Amino acid sequence: MAAEKMAVTRETFDNVILPVYAPAQFVPVKGKGSRVWDQQGKEYIDFSGGIAVTALGHCHPALVETLKSQGETLWHTSNVFTNEPALRLASKLIQATFANRVFFANSGAEANEAAFKLARYYACKRHSPFKSKIIAFHNAFHGRTLFTVTVGGQPKYSDGFGPKPADIVHVPFNDLDAVKAVIDDHTCAIVVEPIQGEGGVMPATQEFMQGLRALCDQHQALLVLDEVQSGMGRSGKLFAYEHYGVQPDILTSAKALGGGFPVSAMLTTNEIASTMAPGVHGTTYGGNPLACAIAETALDIINTPEVLAGVEMRRQHFVTALQAIDAKYDLFSDIRGKGLLIGAALKPQHAGRSRDILNAAAAEGVMVLVAGTDVMRFAPSLIIEPADIEEGMSRFATAVGKVLNG
């Protein structure tokens, strides 16, 4: 007999959830494709994608079918045993990338934590225990564990949780000379997002990425790419590093990997993986068969020419609509990003208004994101219908008008 569902409202959140979030005043209860409905039945067009997670929209039929099928087969084994979905997903990720080895976890933070630990462990085993410096970048975001939040270059997320892990140096993003000034033979890794997400949807330049690869080679350091947000087709390629002609040593993936089901992966080479041994690192849920089965289906759909080619076409729809809004309201200083990770930076006269625009957009029935106080961020489904883009951007334009015209 199924338990009777308790009635809950947005006010329930304020009474029962740790106050580390400030969610919208409406409560989504149902999603299909790129449309979402709240408790009152109001419809929203979703341009947020669960922060670049629901890359195939809500309740994609193939993902639902896999969830049902695997849910009636095997949910969990732990890593005392292996399982078929994890082995299939790992094999397909290896076939599609530079990698030879995969480690599964549950979140982007855990994948990055594993990556940073591996980089230091490899340097310790192959070179010296003193080769521990990690170079990272201002405005980066790598997760919320103490290690990852310290590597992330935003003190507002790490202050107050000290003492912080040591030997981490931050320099300006896209500034190769700044990296050259701090890299040395004690450096074990450079950690970088090919497209900074939380930091304002800033893509790395070609010169910067290729320069980082050369510096890592010169100093026997590892190039670690955080593709938690930029990966899984978001940029128009399966992973954004493919745009740069640069091969990483370690890569992390999460967010869209499971199409909305929590799962993450760290990818690396045989040489780097060879330093690890049973017991050195692990996680109970990593490689969970339910998560891996769904992620395999998501990968099979995303990693196709039709979906990847469609990303750029859809991007143009968004950019054209944003340019029209800018022509009317003189709102944006820059429209940037890659693929369907889009940042629209507000001009100085509109500084600090991004949250106002986000809230007004919700009132008009469209879900968007911000990246900081001055950038509107869009990370919709990779297969969003063009009609949904048109309708959603019309609602967004109405919201902008109401904010700017008071």
Item checked: Condition broken by His186, with the remaining ones in (1) of a type outside the set (Asp, Glu); (2) open to solvent by 40 Å² or more (accessible area, probe 1.4 Å); (3) within 17 Å of the chain's Cα centre (by Cα) satisfied -> (3)
Notebook entry, point to check: What are the residue pairs meeting all of these: first residue in the stretch 116-135, first residue closer than 11 Å to Thr187 by Cβ and hydroxyl-bearing (Ser, Thr, Tyr), second residue part of a strand (DSSP E or B) and at pLDDT 95 or above, Cβ atoms under 8 Å, and 6 or more apart or on different chains?
Noted result: Ser132/Cys188
Notebook entry, point to check: Are there any strands (runs of 3 or more DSSP E) wholly within the stretch 141-258 with 2 or more residues that are in contact with a Leu (Cβ under 9 Å, 6 or more places away or on another chain) and aliphatic (A, V, I, L, M), and if so which?
Noted result: 187-192, 222-226, 250-253
Check: Here is a list of conditions, (1) open to solvent by 20 Å² or more (accessible area, probe 1.4 Å); (2) in contact with a Cys (Cβ under 6 Å, 6 or more places away or on another chain), and Pro262 meets all of them except one; can you say which number that is?
Finding: (2)
Margin query: Could you check the stretch 16-59 and list, in sequence order, the residues that are open to solvent by 40 Å² or more (accessible area, probe 1.4 Å), within 22 Å of the chain's Cα centre (by Cα) and not small (Gly, Ala, Ser)?
Written below: Val20, Tyr21, Pro23, Pro28, Lys32, Arg35, Ile51, His58, Cys59
Notebook entry, point to check: Across the stretch 175-200, what is the number of residues that are at pLDDT 95 or above and more than 15 Å from Tyr241 (Cα to Cα)?
Noted result: 15
Next item on the list: List every residue pair whose Cβ atoms lie under 7 Å apart, where the two residues are 6 or more positions apart in sequence or sit on different chains, the first residue falls within the stretch 363-384 and is on the phi > 0 side of the Ramachandran plot, and the second residue, located anywhere, is part of a helix (DSSP H, G or I) and surrounded by fewer than 24 Cβ atoms within 10 Å (Cβ to Cβ).
Entry: Gly365/Arg395
Next item on the list: Report, by residue number, each residue of the stretch 1-15 that is open to solvent by less than 100 Å² (accessible area, probe 1.4 Å), of a type in the set (S, T, N, Q) and in a helix (DSSP H, G or I).
Entry: Thr12
Next item on the list: Only residues that are open to solvent by less than 10 Å² (accessible area, probe 1.4 Å) and either over 30 Å from Ser333 (Cα atoms) or not β-branched (Val, Ile, Thr) (or both): list them for the stretch 191-203, please.
Entry: Pro194, Gln196, Gly197, Gly200
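The values are calculated or read from the model by the stated rules, or taken from the named source; none is laboratory data. Because the structure is a prediction, the values reported are computed rather than measured. Heads up, the Cβs are rebuilt from the backbone with ideal geometry, glycines too, and the neighbour counts pull from every protein chain shown. Surface accessibility is based on the protein's heavy atoms, side chains included, excluding ligands, DNA and RNA. Shrake-Rupley method; radii C 1.70, N 1.55, O 1.52, S 1.80 Å.
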